[in-house]
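The values are calculated or read from the model by the stated rules, or taken from the named source; none is laboratory data. All values derive from a computational prediction rather than experimental measurement. Virtual Cβ from ideal backbone geometry, glycine too; neighbours counted across all protein chains shown. Side chains are part of the model used for accessible areas, which takes the heavy atoms of the whole protein and leaves out ligands, DNA and RNA. Shrake-Rupley method; radii C 1.70, N 1.55, O 1.52, S 1.80 Å.
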Amino acid sequence: MTYYRHRNRNVSSTRKVRLIARFASCFLFVLIWSLTQAQRFTDVTEEAGIEHAFRLDLANFGGGGAVLDFNNDGFEDLYLPAGDEPDRLYRNNGDGTFTDVIAGAGFDITDPIHTQGAVAADVDRDGDKDLLVTTLYWRDSRVLSPNLLFLNNGDGTFTDVTEEWGLTDFVSNSQGATFGDINADGYPDLYVSNYMASSPDDFSVFNQQTITENFLSAHDFLFLNLGGTYFKEVSHIYRMNHNGFGFQGVLTDWDNDRDLDILIANDFGYKAQPNVALQNEFPDRLLSYQSQQLRLNYGMNAMGIAAGDVNFDGWMDYYITNIHASLFVQNIEGKDFVDVGNELGVAKARIERPDYVGVPVSWGTIFFDYDHDTDLDLFVNNGALNPDVRPNHNFFFECSGYAQYREVGARVGLDDPRIGRGAMTFDYDNDGDLDLLVINQHPRELSSDLPEARTILYRNDHVGGNWLKIKLEGVYAEKDGIGSRVEIKIGDRLLIREIDGGSSHMSQNSTIAHFGVADAEVIDSVTVKWIGGKTQSQTNVSSNQLLTIRESDGSLLDIGTNDLILTPSPFGNEVILEYRLSGSGPMEINVYDIAGKWIDTILRRDLPASTGIVRWSRGDEVQRGVYIFQMKSGENVITKQAIKL
């Protein structure tokens, strides 16, 4: 596999100076303070009881993992796909240790499947985290397999609902997934990045030639959550028409219009589909291609994505991993993106490390404030292209002042040389700082150049600086606030976090927002901007606490003209209803026969305004004829007729 250098951008020297100056404002008071602090990550994998490394089959990629508190005990747990080995579900015991409780938890598959990545969300809004696992194929036959959906039963067990939720008909060589509510109805929708349209049976080596000359790139999946009962694949409805060697998408609001857009990292973008930027045109059912206009259509070996506002200007910036030099783009008010990797020192990491062997092959990546100085540091998980098992040390870029990031992986204990892939952050010991889990692969060929293959849990042992953690509880919005934005103000400084539904590389970080606040003991304000339009704030919030914010009433997005759309019409045994309705609530959708007799209540929600999509599948229980579908909220009533065939 060859690497690709980004094409030069025509950015004027004046603009470069202006960009550097803007970034410099985020660092001026940090340098002296940060250099005087103890900075260290400690490998605690063995004492924590974690035994995991991802195992490949033939020529393929993987893996990742998800952070989730599946038993709601306040300590975040882990789901770790293992490829050709049994996956792990690690329960956090709350004492610094984990126990694998996968046995008997409902994840037993009759015919084993090669798993890849994982993401979690409360897809049925019952108060606990459910789990989506991406897959490649059935291990024995190597026939492409569906991605797996497990509903949390609330008692430590899960139920496989892949078939019931409509996922079995959609198979591909799936990689990373991400949850987010793209139609603001409170239910998490799902985007799945797919790599190849067929199984890599009989291929033992993946490189540019074997992939691009023997396989068709794949179409990604976009699933709308139909009222917490079903996933409907709607990529064609939203006018998605690209195929790519997709590794990871993120649902993120880059244009600050309070809905979730999609940024997609594609491999071999210089020979196939470059990276893709889809702008959500909510309330219209449209994802418009803005890759070229925003200058995000980079052709590269894109592997993973990290999102964060690194210069405190209120706009999300992105780091996209690559072979050799990765991409660091600054968001210019949602209208343009400029690669500032060279200016910030990130693109020069290998050159500045004479001990580095070969070029870095970068995968998982995360922005997080490990040392509580208010700025975002950057972790990059590197790993050779298995079975090339040369050392490929990880990078850790500390935001070190004067518009520069410094690569300090060796100094802080994170420059591991193993075959890295996914990565995620969470506060596993609830001490207020973010710890790090790094997914590593077993080498396909034994090598004396690499340490023993194992996934690593790094405890953050940095001392100093105050912090604030914020947990969201959605009432009308998605239950954990996935995709919503948390903003805090300290003096004239604005810090923002988006709640992660899946990012890095086939992984998902904690859904608890974390902020380092330096020496601030009181935060001036905390504001939550919920997907769905509500905004709520608190002032004079004490630092060094976990603050839970429950969604309250507030201003809403304009959902457009009230409407009820039935698909198909006439219908057979099921009908899909897309609804938009403003009113005083509660909202109901009922179906009646032509004589006015009530047949069923399709949806009932206590919402002041609502938009979404729901599936009614009781058509086989009613006779042929004309039926009336009525949606009502307060004085607003919409009635549609449809024929049952």
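A few points about this structure:
Quick grid of which residues meet (1) in a strand (DSSP E or B); (2) over 17 Å from the mean Cα position of the chain (by Cα):
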position: Leu151; (1), (2): yes, yes
position: Gly156; (1), (2): no, yes
position: Gly166; (1), (2): no, yes
position: Gly176; (1), (2): yes, no
position: Ser199; (1), (2): no, yes
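- Positions within region 217-246 being more than 19 Å from Asp169 (Cβ to Cβ) and either touching a His at 6+ places or on another chain (Cβ under 7 Å) or not in a strand (DSSP E or B) (or both), in sequence order: Gly227, Gly228, Arg239, Asn241, His242
- Of all residues in region 606-624, those satisfying the criterion of being open to solvent by 40 Å² or more (accessible area, probe 1.4 Å) and not in a strand (DSSP E or B) are Asp606, Pro608, Ser617, Arg618, Asp620, Glu621, Gln623, Arg624.
- Residue match in region 265-273 (condition: within 30 Å of Ile565 (Cβ to Cβ), at pLDDT 95 or above and outside any strand (DSSP E or B)): no
- Flag for Tyr428 being among the aromatic types (Phe, Trp, Tyr), modelled with pLDDT under 95 and within 26 Å of the chain's Cα centre (by Cα): no
- Residue that is farthest from Gly62 (Cα to Cα) [pool: residues in region 295-310 that are open to solvent by 10 Å² or more (accessible area, probe 1.4 Å) and out of contact with any Pro (no Cβ under 7 Å at 6 or more places or on another chain)]: Arg295
- Within the option set Asp185, Asp220, being modelled with pLDDT under 95 and either touching a Gly at 6+ places or on another chain (Cβ under 8 Å) or within 28 Å of Ile576 (Cα to Cα) (or both) holds for one residue only, Asp185.
- Number of the condition not met by Asp355 [criteria: (1) at pLDDT below 90; (2) outside any strand (DSSP E or B); (3) open to solvent by less than 10 Å² (accessible area, probe 1.4 Å)]: (3)
- Scanning region 155-202 for residues that are loosely packed, with under 15 Cβ neighbours inside 10 Å and touching a Leu at 6+ places or on another chain (Cβ under 6 Å) yields a count of 1.
- Sub-9 Å Cβ pairs linking a first residue in region 135-162 that is over 15 Å from Tyr79 (Cβ atoms) and at pLDDT below 95 to a second residue that is assigned to a loop (DSSP other than H, G, I, E, B) and among the aromatic types (Phe, Trp, Tyr), at least 6 apart or interchain, are Leu136/Phe61; Leu136/Tyr195, ordered by first then second residue.
- Any hit, region 105-114, residues being among the polar types (S, T, N, Q) and either open to solvent by 30 Å² or more (accessible area, probe 1.4 Å) or more than 26 Å from Trp363 (Cα to Cα) (or both): yes
- Of all residues in region 115-127, none satisfies being more than 24 Å from the chain's Cα centre (by Cα), at positive phi and not hydrophobic (A, V, I, L, M, F, W, C).
- Counted residues, region 260-277 - those being open to solvent by 10 Å² or more (accessible area, probe 1.4 Å) and either among the polar types (S, T, N, Q) or under 16 Å from Val486 (Cα atoms) (or both): 1
- For region 510-531, a tally of residues being open to solvent by less than 20 Å² (accessible area, probe 1.4 Å), in contact (Cβ under 8 Å) with a residue 60 or more places away in the chain and part of a loop (DSSP other than H, G, I, E, B) returns 3.
- Filter result (open to solvent by 10 Å² or more (accessible area, probe 1.4 Å), among the hydrophobic types (A, V, I, L, M, F, W, C) and in a loop (DSSP other than H, G, I, E, B)) within region 321-345: Ala325
- All conditions but one from (1) crowded, with 23+ Cβ neighbours inside 10 Å; (2) out of contact with any Ser or Thr (no Cβ under 8 Å at 6 or more places or on another chain); (3) not small (Gly, Ala, Ser) apply to Asn256; the one that does not is (1).
- In region 532-547, the residue that is most open to solvent (accessible area, probe 1.4 Å) out of those that are in contact (Cβ under 8 Å) with a residue 24 or more places away in the chain and on the phi < 0 side of the Ramachandran plot is Leu546.
- Residue ID - nearest to Arg615 (Cα to Cα), chosen from residues in region 569-605 that are of a type in the set (A, V, I, L, M) and either at pLDDT below 90 or part of a loop (DSSP other than H, G, I, E, B) (or both): Leu603
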